[in-house]
There are 4 protein chains.
Amino acid sequence: MSISVFDHPVMGRLLGDDEAAGYFSVTAEIAAMLAFESALAAATADQGFISDEAASAISELSATFTPDIDALGEAVARDGVMVPELVRQMRARLGEPHAFSLHFGATSQDVVDTALVLRLKPLLDLLGERLERVLERLAAIDQGDGDIQLAARTRMQIAIPIHLSDRLRNWSQPLERARDDLAVIRSRVLRLQFGGAAGTLDRFDGKGDDVAERLAFLLDLALADGNWHTQRDGLVMLAEWLSRVTGALGKIGQDIVLMAQNGVDDVTLGDAGGSSAMAHKHNPVKGEILVALSRFNAVQLAAMHLALVHEQERSGSAWTLEWLVLPQMIVATAAALRNAQALMENLRFAP
Amino acid sequence: MSISVFDHPVMGRLLGDDEAAGYFSVTAEIAAMLAFESALAAATADQGFISDEAASAISELSATFTPDIDALGEAVARDGVMVPELVRQMRARLGEPHAFSLHFGATSQDVVDTALVLRLKPLLDLLGERLERVLERLAAIDQGDGDIQLAARTRMQIAIPIHLSDRLRNWSQPLERARDDLAVIRSRVLRLQFGGAAGTLDRFDGKGDDVAERLAFLLDLALADGNWHTQRDGLVMLAEWLSRVTGALGKIGQDIVLMAQNGVDDVTLGDAGGSSAMAHKHNPVKGEILVALSRFNAVQLAAMHLALVHEQERSGSAWTLEWLVLPQMIVATAAALRNAQALMENLRFAP
Amino acid sequence: MSISVFDHPVMGRLLGDDEAAGYFSVTAEIAAMLAFESALAAATADQGFISDEAASAISELSATFTPDIDALGEAVARDGVMVPELVRQMRARLGEPHAFSLHFGATSQDVVDTALVLRLKPLLDLLGERLERVLERLAAIDQGDGDIQLAARTRMQIAIPIHLSDRLRNWSQPLERARDDLAVIRSRVLRLQFGGAAGTLDRFDGKGDDVAERLAFLLDLALADGNWHTQRDGLVMLAEWLSRVTGALGKIGQDIVLMAQNGVDDVTLGDAGGSSAMAHKHNPVKGEILVALSRFNAVQLAAMHLALVHEQERSGSAWTLEWLVLPQMIVATAAALRNAQALMENLRFAP
Amino acid sequence: MSISVFDHPVMGRLLGDDEAAGYFSVTAEIAAMLAFESALAAATADQGFISDEAASAISELSATFTPDIDALGEAVARDGVMVPELVRQMRARLGEPHAFSLHFGATSQDVVDTALVLRLKPLLDLLGERLERVLERLAAIDQGDGDIQLAARTRMQIAIPIHLSDRLRNWSQPLERARDDLAVIRSRVLRLQFGGAAGTLDRFDGKGDDVAERLAFLLDLALADGNWHTQRDGLVMLAEWLSRVTGALGKIGQDIVLMAQNGVDDVTLGDAGGSSAMAHKHNPVKGEILVALSRFNAVQLAAMHLALVHEQERSGSAWTLEWLVLPQMIVATAAALRNAQALMENLRFAP
């Protein structure tokens, strides 16, 4: 299907991103869920809640299990989340006596949120690397062409002469700050979610923190102080960061589109797009895309902030709203960074 | 891929909609584009701009052509739109002397916008039918249970006794108005887009209106007064309508979730969702989904309105922004209507 | 205070609108509330629920009453709505035996919503007149300068030659549709709100509809089928219309800003803004303002759509959210229309 | 005027905030602008660009100057910004030979942005103190009532027993993080804006950095690396922080509203609001307000992110958009914190 342009086999080549998208395939998602269940089994065995044999059986199953996707789909239309049916399928395969050692003490949200976080880790690396490459490209442009004189334009009118360097500084500084802020985002987001039915790890007789600590260690995630099942500010800060990045790229894109206008001619684009009606056109497609993706993310961010009002111990409404927007914001950002990099490789500034 | 939950093979079963999604597959999209090119050939032949032989050749090719999707993807990353490469592939297949009779006088936007409209026609029928079924279900509930007494709740506190009918009326009236408004939406949206390079049908020596009239007739679309390449208020009104529908369903969903609370117990849900941690739970998943989808659409609508600022004769930024949100809004609405219908089939109101 | 730029004594001269703002003063608001109470007294007397003497006393008081604003403020911080304290103050002044004939059978929402609608009536007239004047101005430009040749620009690049008329048509058609749609908006919005405690007119022993009919007649408003206390789609459609108008004006503003760029020089602005640093600058301020106001309204519209999820028989959250955005959207639109008109009076297009 | 509820003399008592609003009065705004001009005069005199006599004259005038507000309003309708006219009025009063020593080397944006930052400093203190008081109140509730048992509710249904402490932890932790993040926000926001006509301090012959350093010192602000005239990520991060705070408070408000429902009765509100129709009602007004303000801020945040696309060396559109939303977001947050504090002082939890 291709309801979202990001999932579209044609349009996704421009607006989506294969590398980032890989982490949002069902395969990747379920692999992350199985990694959680496997590590949970090890951690609960470690504290004596399930047997070592059970943990081994679960670990083996997790390494190879392929769920019945159709049955997951049918169940999700009823349960709102795919974990109950995934656990049921796995338990059926495990059989007695280990079936109920699987998913011991956990709840769906532990699986879903942690499986997301496990994929956010490489995704943040990916975004960080691309950001770095964009910054390198900006630095290279500055070194090569920074001294070129340019008419500054304020309120869309010619102001006074500046150098290209002056404009470039305003392009790169927000991206440099975004790069530096990534460490904070990582510390807020890459945390284990583990709370059980209502966030209190009620099945663990006071040893919940020990299980959590071991589980976090096994998954190479930080441990939250308690859990964050209804505290979505970490994910929200990630979404803010994404939109700040696309906003900074949107400014660059808009500037380049304006600079490339016939009559302004401050820059020529090497790989401009063609038109089906006019052979002479050189359309600044990548610049326009950066503007579109920045507006897209700006608007989605409102949805993420709305989802901060997460009722009581778990809100189906708020949680679902996150799923509807966060993956798209991430892929939009990956696509914007890729397009920005490509755009900058082909700019020729007018001396 | 499944970056969007709507495209997700599992989650899409709850949040997406197979029937609506079909119209957003690449296959359906290209089929609509080919229908445009075929009808355009007939209309331009009709006015003598291309030969009847060329029109026949184009019509035959359009009936069977399967493009090289990968090449479309590569081209779109440069052109921002898939039409130039699609036309190139078709022209290569047509060969001389008919190649340049294809797409005569048209531009990419004519193809993309009209191909969207051609699919919006059955989609609006689909949404209209589902809306009707939801209204029928509400009427049936009213007939069966309307006399049940209920404690009205204002500002979330018990007010005075009312009947279920009173609440149902507030559920159904906005949906009835939405049903009635569909005719207006159809008249604003189901219109041919045809303007050529810059909206002036410059290739037709004053006979552009005749070609347009014939083309609209062949595609069974209304004729706009001129063209609407930069006038996006029709699509925006569709988006508004979609969000009004999901808003009305969101209110119903929220009310049912509140009524189903333990301690309130105004309603019992027949097909509530299960929990992976608590067997006794009956989660009002479909009600929550209606709330989530309503918030999703409310936020996306801002993006559609932003896209009204469509610069000059064609804005790549604004146009792309539409693509990023409109298909999702439509599928969200189809999914909300389907979930609402299912939800209402399983309500048992407490006498 | 001037937390909102619309209320700012300086910035409001550009971004706000004195004429529209007048309808949102406390004085105007309370006058509308008193008009409701006075008409309600007449209508309930008409049906025998209160005495004619009471109705006369209430009518006289309403004509002259000036509330203690400070006490209203103190009460609103507790009640969330100013009506309970307003009614209390009026009852204290009325004294026995008429005190409890005031506000008979009504609830705060009846007063607040109807008092809004009473002011929306002249506001819609105001907006409609300004829209007409903008359209007249566009027609005059077309008549005078429509034949001027212009380079069409698609995707921000020169395409083919068109005439100014071609661009003007895309500016005016969406506004013409908005003008025509105003009749629908009026029919959806200018309706009496009257439901009593929970929307069932419970105090009127089956004669509620008669009271409502009389009340609507006296206030020169249409009668809703029942009431719309939780059905906010009428107000939401108004908000949509407002944002479509500012969106259409935003496109005009953006185009003019682009046309006025040095190097493009398609238009010269007669009353461009000055700079504190550069005497030579001619800033296209009014064009920029149109873009800013269109984005503002596009975003606010999301809040109005969120407020469609109006829980049960009255939602304090959703209702308050409307108050936070709707008046600003109206004034933004009035300001955009005024600025558009002024902008268009001073354009000199390059032949 | 009271177009915005925040500026409304009655509704503002609930939804607005007198203390925060004070910083957005025209008086406070102009005082901050005069402080900038005075410090600029001292800093430019320090580097020999104007005479010490001129600096003294400007300093004296700034201490007492009251502008002609009406003339500012007239000018702003043309210039889009009040600084050119303010400078004109001040120069007229200064007379020769000092007139042109005023505002030397600066541009309107330097004045407007820095005058905002000067007021954000005490505003952030105010918000920080209120946040601290809310956290203290939460800690006190935990100490007093934390052991009370509560039915956890997940997806709006009873799950398992927890303690009030468990829910309180999810209320307070996001607010604790917000408190801790305030230091970062201060470091990003409280920075001098000083760039001259196009951000290059072109009038200072290479000594611009020295002037800037002195100016920042005099105004007790940090020095940006260069200037941030088109880099709005600092203000955007402030807006994000505001919406995270109101989101966290919105969750608390929503939870309390749900807990206070008849039939759930987990909490009783001491100062609930009254109804004009039903004397028995205890409306959880402050809880509802917290939800409404959180949604308001969530939506406004989209506008702030849109304003990141700030074209070239100064964007009138993007800059104006900030003005339309940022002050309201700040006051909404101040009001939410005040209402949250009041709400929490009157909660009685059911044992």
With the label set 7 Å along Cα→Cβ, A:Glu129 is separated from its counterparts in the other copies, in nm and shortest first, by 4.8, 5.0, 6.5
So, in nm and shortest first, the distances from C:Glu19 to its counterparts in the other copies, with label points 7 Å along Cα→Cβ, work out as 4.2, 5.0, 5.7
For B:Ser62 the rounded accessible area (nearest 10 Å², probe 1.4 Å, non-protein molecules ignored) is 10
Percent antiparallel among DSSP beta bridges confined to the protein assembly as shown, rounded to 5, stands at 75
With a ≥ b ≥ c from the Cα gyration tensor eigenvalues, square-rooted, and the rule rounded for a/c under 1.5, otherwise prolate when a/b > b/c and oblate otherwise, the protein assembly as shown is rounded
Cα-based Debye curve of the stretch C:196-262 sampled at q = 0.12, 0.13 Å⁻¹ gives log₁₀ I(q)/I(0) of -0.54, -0.58
Quick note, the stretch B:5-349: a/c under 1.5 would make it rounded; otherwise a/b > b/c is prolate and the rest oblate (a ≥ b ≥ c, C-alpha gyration tensor); here it is prolate
Measuring from the longest principal axis of the C-alpha atoms of chain A, the long axis of helix A:108-145 (C-alpha) lies at a number of degrees, nearest 10, equal to 20
Inter-copy distances for A:Asp225, label 7 Å out on the Cα-Cβ vector, sorted ascending, nm, one decimal, are 3.1, 5.7, 6.5
Once all protein chains are kept in place, C:Leu34 shows an accessible area at probe 1.4 Å, nearest 10 Å², of 10
Charge dipole of chain D built from unit charges on the beta carbon (Lys, Arg +1; Asp, Glu -1), centred at mean Cα; most positive-end Cα among D:His163, D:Ala106, D:Gly195 is D:His163
Given B:317-327, B:39-49, the highest-first ranking by average Cβ count within 10 Å works out to B:317-327, B:39-49
Computed from the beta carbon distance with a Förster radius of 25 Å, FRET efficiency for C:Arg348 and C:Glu176 to the nearest 0.05 stands at 0.50
Residues whose modelled amide H sits under 5 Å from the amide H of D:Arg153, counting only those 5 or more places away in sequence or on another chain, are A:Glu313, D:Ala159
Computed, not fitted: 222 nm per-residue ellipticity of chain C from DSSP H runs ≥ 4 (each -39500 (n - 2.57)), nearest 500, equal to -21500 deg cm²/dmol
XL table A:Lys251/D:Lys207; A:Lys121/D:Lys251; A:Lys281/C:Lys251; Cα-Cα > 25 Å flagged, in table order, is A:Lys251/D:Lys207; A:Lys121/D:Lys251
Expected unfolding gain across D:Asp209-D:Ile148 under the 0.36 nm per residue rule, minus the alpha-carbon gap, is 15.9 nm
Counting sequence-distant residues (5 or more places) and residues on other chains, those with an amide H built under 5 Å from that of B:Gly80 are none
For chain C, longest principal axis from Cα atoms; helix C:69-79 axis from its Cα atoms; angle between them, nearest 10 degrees, is 80
Carbon and sulfur atoms account, in whole percent of the 1.4 Å probe accessible area of the stretch A:73-199, for 49
Expected sort for C:193-199, C:308-314, A:198-204 on mean C-beta neighbours within 10 Å, highest first, is C:193-199, C:308-314, A:198-204
Projected onto the charge dipole of the stretch C:1-109 (unit charges on the beta-carbon of Lys, Arg, Asp and Glu, signs +1, +1, -1, -1), the Cα from C:Ala42, C:Gly95, C:Gly73 with the largest positive-side position is that of C:Gly73
The chain D residue whose Cβ lies closest to the rotation axis carrying chain D onto chain B, with that distance rounded to whole Å, is D:Gly263, 2
Expressed per residue, the solvent accessible area of the stretch D:67-183 in Å² (1.4 Å probe) is about 35
Checked the stretch D:73-123 with the C-alpha gyration tensor, a ≥ b ≥ c its square-rooted eigenvalues, rounded below a/c of 1.5, otherwise prolate if a/b is larger than b/c and oblate if not; verdict oblate
Taking the stretch B:237-351, the whole-percent share of alpha-carbon pairs separated by over 25 angstrom is 35
Reported to the nearest 10 Å², D:Thr114 has, with a 1.4 Å probe, an accessible area equal to 0
For the pair A:Asp52 and A:Asn262, the simple spin-label estimate (label points 7 Å beyond Cα toward Cβ) gives in nm 7.8
Whole-Hz Karplus couplings 3J(HN,Hα) for the stretch C:306-322, θ = phi - 60° and coefficients 6.51, -1.76, 1.60, Gly and Pro as x, run 4, 6, 5, 7, 10, 4, 6, 8, 5, 10, x, 5, 5, 5, 4, 4, 4
Compactness check, the stretch C:19-87: C-alpha Rg relative to the 2.2 N^0.38 Å globular estimate gives 1.24
Residue by residue through the stretch B:92-107, the couplings from Karplus 6.51 cos²θ - 1.76 cosθ + 1.60 with θ = phi - 60°, in Hz, x for Gly and Pro, are 4, 6, 5, x, 6, x, 8, 3, 7, 7, 6, 6, 4, x, 9, 10
Residues whose modelled amide H sits under 5 Å from the amide H of A:Leu201, counting only those 5 or more places away in sequence or on another chain, are A:Gly196
Computed from the beta carbon distance with a Förster radius of 22 Å, FRET efficiency for A:Glu19 and A:Ala183 to the nearest 0.05 stands at 0.50
Probe 1.4 Å, protein heavy atoms only: D and C together bury a total accessible area in Å², to the nearest 100, of 6000
Each residue of C:210-221 has, on average, a number of other protein chain C-beta atoms within 10 Å of its C-beta equal to 0
For chain B, the dipole about the Cα centre with charges only on Cβ (Lys and Arg +1, Asp and Glu -1), to the nearest 20 debye, works out at 1260
Here the relative contact order (percent) of chain B, from C-alpha pairs under 8 Å and at least 6 apart, is 20
Measuring from the longest principal axis of the C-alpha atoms of chain D, the long axis of helix D:233-259 (C-alpha) lies at a number of degrees, nearest 10, equal to 20
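The values are calculated or read from the model by the stated rules, or taken from the named source; none is laboratory data. Values in this document were obtained by computation on a predicted structure and should not be read as measured data. Glycine also receives a Cβ, built like all others from the backbone with ideal geometry; neighbour counts cover every protein chain displayed. Keep in mind that these areas ignore ligands, DNA and RNA; they rest on the heavy atoms of the full protein, side chains included. Shrake-Rupley method; radii C 1.70, N 1.55, O 1.52, S 1.80 Å.
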